[in-house]
Amino acid sequence: MLKEISVNKLSNGLPYTIITYRDAINHICNQAEFQNEVKMIFTPNVHHYYLYATDKEFRSAYDVSYMSLLDGMPLVWLSRIINKDKTEKVSGSDIFIDLFKKGLELNYKIYLLGGASGVAQKVIEKFDVEKRFQERIFFDSPPKGFELDRKIEDEVIMKINKVSPNLLFVALGSPKQEIWICRNRKKLKANIVIGVGGSFDFVAGITPRAPIWIQKISLEWLFRLLMEPKRLWKRYLITNTYFICDNIKILIKTIIYFILKK
Ligand code: UDP
């Protein structure tokens, strides 16, 4: 078991946890047992890198997060170039699947918050959860904009607190989920709270996930773009351009280093 977790920073200050995929799963499962305070876990990608620099509340959420697990090879490459550590990619969707399964084995209570109506049920169906485990899985799909209505938001939190889950997965998209978790962290009774973006949609089969070989060559983002061009083209154009420009010096230095090495 990990005694403490080490943190490093990317070039714009975004903090990340230095950890391998396996250690991340084990560590989170251990921490999910303790009943003290909410531990917020986020999984940054290039979009988050951009939001960290441009959205103050998003940045504050990251700055007080318990773990920040790099979800994207561009960020992992950057971490290796500037900090030379051994961080691995820990994608939110993969960790959601593994923590869900391991959480059930460990008798944990699991709560799924977010996603469109009916999606959480589909997730449970896909996992083919045995009947005896089903009573430990809870879900709520509040209407879009629930966080703007105090009464509905209080009800959402009350439902969660009634369960007091070990693992609370929040799928509201970014930056909403990180900001929502951080704003409400003192009101929530849950051990581990993780922002998992579109993971419910992936598992439920609503949004197709890139095949493993595409993930391995780090082109999952391109696959997602081709699947949802209307929604994502602007986001990718802005955030990828920002990421490249912000790291252009490092990129050029690395290229020169490899050319001279040859
Ligand atoms: N969503 C939600 N409530 C909201 C906004 C979004 O439940 O107010 C859900 C939406 O149904 C989807 C997920 O949040 O399942 C957002 O996924 P997206 O792909 O946008 O997240 P990303 O991984 O890109 O941050």
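The values are calculated or read from the model by the stated rules, or taken from the named source; none is laboratory data. Quantities reported herein were computed from a predicted structural model and do not represent experimental measurements. Using ideal geometry, Cβ is built from the backbone for each residue, glycine included, and neighbour counts are taken over all protein chains shown.
A few remarks follow.
- The residues in the range 178-205 that are more than 17 Å from the chain's Cα centre (by Cα) and within 8 Å of the ligand (Cβ to nearest atom) can be counted, and the count is 0.
- Search result, residues across the range 226-236 that are within 12 Å of the ligand (Cβ to nearest atom) and among the basic types (K, R): R231, R235
- Residues in the range 126-146 that are within 16 Å of the ligand (Cβ to nearest atom) and either touching a residue at least 12 places away in the same chain (Cβ under 8 Å) or not in a loop (DSSP other than H, G, I, E, B) (or both): K126, F138, F139, D140, S141, P142, F146.
- Scanning the range 147-191 for residues that are in a strand (DSSP E or B) and surrounded by fewer than 19 Cβ atoms within 10 Å (Cβ to Cβ) turns up nothing.
- The lone exception for E130 - which of (1) surrounded by fewer than 18 Cβ atoms within 10 Å (Cβ to Cβ); (2) at pLDDT 95 or above it fails: (2)
- Taking the range 206-225 as the range and being away from the ligand (no atom under 16 Å from the Cβ) and aliphatic (A, V, I, L, M) as the test, the residues that pass are I212, I214, I217, L219.
- Subset of the range 237-247 that is part of a helix (DSSP H, G or I) and in contact (Cβ under 8 Å) with a residue 60 or more places away in the chain - its residue that is farthest from the ligand (Cβ to nearest atom): D246
- Scanning the range 151-167 for residues that are within 14 Å of the ligand (Cβ to nearest atom) and either touching a Leu at 6+ places or on another chain (Cβ under 9 Å) or touching a residue at least 40 places away in the same chain (Cβ under 8 Å) (or both) yields one hit, V156.
- Residue count for the range 110-126, restricted to those that are buried (at least 18 other Cβ atoms within 10 Å of the Cβ) and either out of contact with any strand residue (DSSP E or B) (no Cβ under 7 Å at 6 or more places or on another chain) or not assigned by TED's automatic domain parsing to the domain that holds K176 (or both): 1
- Number of residues in the range 180-216 that are aromatic (F, W, Y) and within 21 Å of K126 (Cα to Cα) equals 2.
- Residue list for the range 174-201, filter: of a type in the set (V, I, T), in contact with a strand residue (DSSP E or B) (Cβ under 9 Å, 6 or more places away or on another chain) and within 24 Å of S117 (Cβ to Cβ): I181, V193, I194, V196
- Checking every residue in the range 212-220 against the condition of being part of a loop (DSSP other than H, G, I, E, B), more than 21 Å from the chain's Cα centre (by Cα), more than 24 Å from L14 (Cβ to Cβ) and not polar (S, T, N, Q) gives zero matches.
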